Amino acid sequence: MATLSFNSTRIKSPSRQSHKPFSKSHFSTKPNNVPFLFPSKTHPQLHHFKPNSISESSVSVPEEAFDDAEEDDPTSELSYLDSETDPSSVTEWELDFCSRPILDIRGKKIWELVVCDSSLSLQYTKYFPNNVINSVTLKDAMETISEDLGVPLPEKVRFFRSQMQTIITKSCKELGIKPVPSKRCLSLLLWLEERYETIYMRHPGFQKGSKPFLALDNPFPMELPENLFGEKWAFVQLPFSAIREEISSLDERFVFGAGLDLDLLGIEVDDNTLIPGLAVASSRAKPLAGSLDEWIGSVFSRG
């Protein structure tokens, strides 16, 4: 049997993120001071951090002191890299660059760049006014993330919004990064859902009743390309233990495909649970696997 219970420990609220032990070269949370972005009645407040230059055993600070006084300012920005993470290991980013249900002092929608990796070891947010939204702005922002956090530019950037394909693709290609339109941005999507509740709804410019900003594309069904047809196919079932073995070998064997982070979703599946699927026999197995991998993960998929 499989059970589903969201694993909230993997998605940390911004207020908790800011209070983790940090290296100043790898972490900064800075309030946005651009005057036209936010109503003047709300003034960003600086955060107070637990220092990591002194061991926690030598200085004891009650947790309540941080819980009560340090609720995150929704107009602040986040720039964070886990101090235990090897910067060179962060080779793939998940990115969202889109308007938010928030108005600035001019009555215009605020845009936000949100970037993370699949493990949420890297987390970055930055607000932008709507009159600077272009590929140059995004390119400069990605370079800033790399410089500020001391991480190399990623090999791939995954994004799920088809309407931002042109800007994101152009920015990535100018930096030598492979842009990947994909629905496999699980950590990013869960983080954005959490930010909607804890950040956007608390923002002084929040628009009540605005349309859901996480609506994924769902295009009409279209005819499959010829290279997705096999000579034979059949509905099959495999025990979860066998599927888990295949998933664990994806990186080792450099085959097409990607696994779903069940731990992040809080999903527990018994090893003997039978998982249904579709087996396709083809003389062009590799091209078929590659096309399926791109098709299933793409934000422009037909299912």
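In table form, for the structure just shown:
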{"item": "Accessible surface of residue 270 - all protein chains present, 1.4 Å probe, nearest 10 Å²", "result": "70"}
{"item": "Per residue solvent-accessible surface (Å²) - segment 78-202, probe of 1.4 Å", "result": "38"}
{"item": "Rh by Kirkwood over Cα pairs, then Stokes-Einstein D for segment 78-202 at 0.692 mPa s and 37 °C, µm²/s", "result": "223"}
{"item": "Accessible area, probe 1.4 Å, largest first, for residues 195, 202", "result": "202, 195"}
{"item": "Listed residues 188, 175 arranged by accessible area, highest first, probe 1.4 Å", "result": "175, 188"}
{"item": "Ranked order, 124, 196 - accessible area, probe 1.4 Å, largest first", "result": "196, 124"}
{"item": "Efficiency of FRET from Cβ geometry, residue 106 and residue 274, R₀ 51 Å, rounded to 0.05", "result": "0.35"}
{"item": "Unsatisfied cross-links (Cα-Cα over 21 Å) in the set 108/173; 108/183; 183/208; 139/173; 108/156", "result": "108/173; 108/183; 183/208; 108/156"}
{"item": "Using a Förster distance of 25 Å, the FRET efficiency for residue 283-residue 235 (Cβ separation, nearest 0.05)", "result": "0.75"}
{"item": "Carbon + sulfur, % of accessible area of segment 78-202 - ligands and nucleic acids excluded, 1.4 Å", "result": "47"}
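The values are calculated or read from the model by the stated rules, or taken from the named source; none is laboratory data. Worth saying up front: this structure is predicted, and the values here are computed from it rather than measured. Neighbour counts run over all protein chains shown; Cβ positions are idealised from the backbone, glycine included. The area values use the complete protein model at the heavy-atom level, side chains included, leaving out ligands, DNA and RNA. Shrake-Rupley method; radii C 1.70, N 1.55, O 1.52, S 1.80 Å.
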